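J.: First, the structure itself, so that you have it in front of you.
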Amino acid sequence: MASVTLEHVSLRYRSGAVGLADVDLQVADGEFLALVGPSGSGKTTLLRSIAGFLTPTAGRVLLDDRVIAGPGVAVPPEQRQLGMVFQQHAVWPHWDVGRNVEYPLRRAKVPLAERRTRVGEALDLVGLTGYERRDPATLSGGQRQRVALARALVARPRVLLLDEALSALDEPLRDRLRLELHTLTREMGLTVVHVTHDRSEALALADRVAVLDGGRIQQVDTPSNLLARPDSPFVAKFLSDATLVDGRVTEGLFSAGDHPLTVPCPGVANAARATAAVLPAAVTLTPGGDAIVRSSLFTPDGSDVVVDWHGTHLRVRTHGSRHRVGDAVSVHITDAVVYPQAVEDAPEREAVMSA
Ligand code: ADP
Ligand code: MG
């Protein structure tokens with residue numbers, strides 16, 4: 001196993017597109033790190049830079065203390081001892097399962113008897129004992145993805161890199177494989193970097209989650225800290241569906257101009273411009289009032305409600321009786337995370353304050 005370190009890593013594509021911008025990230029030996037972010041935020045670019053399929057324009061990538069990419073250094077992928085699984089299970093259809101899993105060992109010229117043993121072990125690990133002679137075409141999508149995982153594990157990688165490895169699977173299979181992957185990698189003590197656009201998957205699986213946007217790391221923290229203390233309006237909105245409202249802070253009170261929203265924010269300095277992130281669970285609704293229910297979706301842990309409150313579309317998590325579209329309600333906000341002067345950094349605010 002190994003730790004992975006990225007130091008000031010930037011990557012610009014020939015087209016001019018920014019893949020990564022000054023990324024600093026350390027994944028500890030044995031840690032399960034999830035990388036989340038919207039489409040195009042640089043997740044795949046980051047993973048492929050660790051794998052060696054892309055070379056950073058600036059900065060360094062290290063495995064433990066060894067520089068594997070940096071000025072004048074580019075260790076080829078096959079010499080990095082990493083395992084990788086993609087969304088599209090790249091299982092070769094003309095080879096049986098055993099031969100597919102064996103491939104990295106063959107390439108490394110491991111003797112036949114040892115190859116056999118290790119393929120058997122890898123298939124045991126992923127719950128496909130005895131599948132060596134099976135034709136991949138006879139397998140389900142989930143089983144094929146397990147074959148890809150066995151192939152990534154068979155060479156005993158120092159780090160496992162997963163790029164949307166579960167995203168193509170349907171529930172409940174996806175849920176089961178998610179649990180298995182977690183248990184398996186934790187038992188092996190494997191360092192994992194798991195890319196997903198699914199924030200609940202990231203929060204559920206990872207020791208820490210790195211949130212990417214525009215090729216930059218926005219925040220890296222444990223799942224509970226990310227939810228409790230988002231560093232920026234972007235993280236609050238992306239991970240927790242916070243509603244972002246622009247306004248100002250005066251003597252410990254956030255107010256939103258001519259909008260009725262006010263929230264106490266003790267200790268926050270006066271600011272002419274600020275953004276409040278209102279978490280769905282920090283809002284309660286009571287019958288009758290100046291807001292209108294626009295949507296109301298049932299979920300196992302309460303209803304996911306959107307109300308139009310003087311032009312602000314406020315996301316609310318409610319419990320108890322289900323609201324109906326068109327109901328008039330009153331809004332009560334218990335607290336909000338207030339970011340002074342964050343206005344310039346929050347281009348997504350227009351989407352929220354649509355008065
Ligand atoms: P994600 O995996 O988070 O969806 P990517 O890492 O694939 O994001 O992409 C990051 C950015 O780099 C995007 O703007 C994307 O359009 C761009 N990009 C990705 N691959 C290439 C490529 N091969 N050539 C040019 N631009 C690319
Ligand atoms: Mg991607």
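J.: Consider segment 195-210. How many of its residues are assigned to a loop (DSSP other than H, G, I, E, B) and within 16 Å of ligand 2 (Cβ to nearest atom)? Working first, answer last.
T.: At the first step, the residues of segment 195-210 found to be assigned to a loop (DSSP other than H, G, I, E, B) are 196-198, 206-207.
If we keep only those that are within 16 Å of ligand 2 (Cβ to nearest atom) as well, we get 196-198.
Result for segment 195-210: 3.
J.: List pairs: first in segment 37-57 and within 13 Å of PRO76 (Cβ to Cβ), second near ligand 1 (Cβ under 6 Å from one of its atoms) and not in a loop (DSSP other than H, G, I, E, B), Cβ under 8 Å, 6+ apart or cross-chain?
T.: LEU54/GLY19; LEU54/THR45
J.: Ok, one more. Looking at SER15, is it within 12 Å of ligand 1 (Cβ to nearest atom), out of contact with any helix residue (DSSP H, G or I) (no Cβ under 6 Å at 6 or more places or on another chain), of a type in the set (Ser, Thr, Tyr) and assigned to a loop (DSSP other than H, G, I, E, B)? Let's see the steps before the verdict.
T.: Numbers: within 12 Å of ligand 1 (Cβ to nearest atom): yes; out of contact with any helix residue (DSSP H, G or I) (no Cβ under 6 Å at 6 or more places or on another chain): yes; of a type in the set (Ser, Thr, Tyr): yes; assigned to a loop (DSSP other than H, G, I, E, B): yes.
Answer is yes for this residue.
J.: Find all pairs meeting these conditions: Cβ atoms under 8 angstrom apart; at least six residues apart or on different chains; first residue within segment 182-209 and within 20 Å of GLY127 (Cα to Cα) and modelled with pLDDT of 95 or more; second residue among the β-branched types (Val, Ile, Thr) and away from ligand 2 (no atom under 16 Å from the Cβ).
T.: LEU190/VAL159; VAL192/VAL159; VAL192/THR185
J.: Quick one: would you say LEU212 is farther than 18 Å from GLU31 by Cα and within 10 Å of the chain's Cα centre (by Cα)?
T.: On the way: farther than 18 Å from GLU31 by Cα: yes; within 10 Å of the chain's Cα centre (by Cα): yes.
When the stated conditions are applied, LEU212 passes them.
J.: Would you point out the residue of segment 1-19, among those that are surrounded by 15 or more Cβ atoms within 10 Å (Cβ to Cβ) and farther than 27 Å from LEU153 by Cβ, that is farthest from ligand 2 (Cβ to nearest atom)?
T.: So, considering only residues that are surrounded by 15 or more Cβ atoms within 10 Å (Cβ to Cβ) and farther than 27 Å from LEU153 by Cβ, the one farthest from ligand 2 (Cβ to nearest atom) is GLU7.
J.: If we scan segment 291-301, do we find a residue that is surrounded by 13 or more Cβ atoms within 10 Å (Cβ to Cβ) and among the aromatic types (Phe, Trp, Tyr)? Please lay out each step first, then the result.
T.: Step one: filter segment 291-301 for residues surrounded by 13 or more Cβ atoms within 10 Å (Cβ to Cβ), giving 291-296.
Narrowing further to those that are among the aromatic types (Phe, Trp, Tyr): none.
So far as segment 291-301 goes, no, none of its residues is surrounded by 13 or more Cβ atoms within 10 Å (Cβ to Cβ) and among the aromatic types (Phe, Trp, Tyr).
J.: While we're on this one: Any idea which residue in segment 22-47 is farthest from MET1 (Cα to Cα), counting only those that are surrounded by fewer than 17 Cβ atoms within 10 Å (Cβ to Cβ) and away from ligand 2 (no atom under 13 Å from the Cβ)? Can you show your working first?
T.: We begin by selecting, within segment 22-47, every residue surrounded by fewer than 17 Cβ atoms within 10 Å (Cβ to Cβ); these are 22, 24, 26, 28-30, 38-40.
Retained after the next criterion (residues that are away from ligand 2 (no atom under 13 Å from the Cβ)): 22, 24, 26, 28-30.
Working: ASP22: 26, ASP24: 20, GLN26: 14, ALA28: 10, ASP29: 6, GLY30: 7 Å.
This residue is ASP22.
J.: Out of segment 225-237, which residues are surrounded by fewer than 19 Cβ atoms within 10 Å (Cβ to Cβ) and within 14 Å of the chain's Cα centre (by Cα)? Spell out how you get there, then give the answer.
T.: Initially, segment 225-237 is screened for residues surrounded by fewer than 19 Cβ atoms within 10 Å (Cβ to Cβ), giving 225, 227-229, 231.
Residue satisfying the conditions is LEU227 alone.
J.: Right, something else. Assuming ALA28 fulfils every condition listed in (1) in contact with a Pro (Cβ under 6 Å, 6 or more places away or on another chain); (2) more than 9 Å from ligand 1 (Cβ to nearest atom) apart from one, which condition is it?
T.: Result: ALA28 passes all but (1).
J.: Output the residues belonging to segment 3-37 that are farther than 19 Å from LEU181 by Cα and hydrophobic (A, V, I, L, M, F, W, C).
T.: Keep residues of segment 3-37 that are farther than 19 Å from LEU181 by Cα, which gives 3-26, 37.
Matches in segment 3-37: VAL4, LEU6, VAL9, LEU11, ALA17, VAL18, LEU20, ALA21, VAL23, LEU25.
J.: Return the residue satisfying two criteria in turn: it lies in segment 126-173 and is without any contact (Cβ under 8 Å) to a residue 24 or more places away in the chain and assigned to a helix (DSSP H, G or I), and of such residues it is farthest from GLY30 (Cα to Cα).
T.: Filtering segment 126-173 for residues that are without any contact (Cβ under 8 Å) to a residue 24 or more places away in the chain and assigned to a helix (DSSP H, G or I), the one farthest from GLY30 (Cα to Cα) comes out as THR138.
J.: Here is a check on your reading of the model: is LEU179 at pLDDT below 95 and over 30 Å from LEU20 (Cα atoms)? It would help to see each step written out before you state the result.
T.: Values: at pLDDT below 95: yes; over 30 Å from LEU20 (Cα atoms): yes.
When the stated conditions are applied, LEU179 passes them.
J.: Same structure again: Go through segment 174-194 and give me each residue that's assigned to a helix (DSSP H, G or I) and aliphatic (A, V, I, L, M). Write out each step before concluding.
T.: Looking only at segment 174-194, we keep the residues that are assigned to a helix (DSSP H, G or I), and these are 174-188.
Listed by number, the residues that qualify are LEU177, LEU179, LEU181, LEU184, MET188.
J.: Evaluate segment 60-83: report whether one residue or more is within 16 Å of ligand 2 (Cβ to nearest atom), part of a strand (DSSP E or B) and β-branched (Val, Ile, Thr). Give the steps one after another, and end with the answer.
T.: The initial filter retains those residues of segment 60-83 that are within 16 Å of ligand 2 (Cβ to nearest atom), namely none.
Checking segment 60-83: not a single residue is within 16 Å of ligand 2 (Cβ to nearest atom), part of a strand (DSSP E or B) and β-branched (Val, Ile, Thr).
J.: So which of ARG349, ARG322 ends up being basic (Lys, Arg), at pLDDT below 90 and more than 23 Å from PHE234 (Cα to Cα)?
T.: Numbers: ARG349 fails: more than 23 Å from PHE234 (Cα to Cα).
Matching residue, one of ARG349, ARG322: ARG322.
J.: State whether the residues of segment 329-346 include one that is loosely packed, with under 14 Cβ neighbours inside 10 Å and farther than 24 Å from THR275 by Cα.
T.: No, segment 329-346 contains no residue that is loosely packed, with under 14 Cβ neighbours inside 10 Å and farther than 24 Å from THR275 by Cα.
J.: Within segment 45-66, does at least one residue satisfy the condition of being under 22 Å from VAL147 (Cβ atoms), within 18 Å of the chain's Cα centre (by Cα), within 16 Å of ligand 1 (Cβ to nearest atom) and modelled with pLDDT under 95?
T.: Checked segment 45-66: no residue is under 22 Å from VAL147 (Cβ atoms), within 18 Å of the chain's Cα centre (by Cα), within 16 Å of ligand 1 (Cβ to nearest atom) and modelled with pLDDT under 95.
J.: Regarding ARG99, is this residue surrounded by fewer than 19 Cβ atoms within 10 Å (Cβ to Cβ), in a strand (DSSP E or B) and away from ligand 1 (no atom under 15 Å from the Cβ)? Step through it out loud before you land on a result.
T.: Working: surrounded by fewer than 19 Cβ atoms within 10 Å (Cβ to Cβ): yes; in a strand (DSSP E or B): no; away from ligand 1 (no atom under 15 Å from the Cβ): yes.
Spelling it out, it is not the case that ARG99 is surrounded by fewer than 19 Cβ atoms within 10 Å (Cβ to Cβ), in a strand (DSSP E or B) and away from ligand 1 (no atom under 15 Å from the Cβ).
J.: Identify, by number, the condition in (1) closer than 28 Å to ARG133 by Cβ; (2) surrounded by 21 or more Cβ atoms within 10 Å (Cβ to Cβ); (3) without any contact (Cβ under 8 Å) to a residue 40 or more places away in the chain that ILE68 doesn't meet.
T.: Single failed check for ILE68: (1).
The values are calculated or read from the model by the stated rules, or taken from the named source; none is laboratory data. Given the structure is predicted, the values throughout are model-derived calculations rather than measurements. Please note: Cβ atoms are built from the backbone with ideal geometry, for glycine as well, and neighbour counts cover all protein chains shown.
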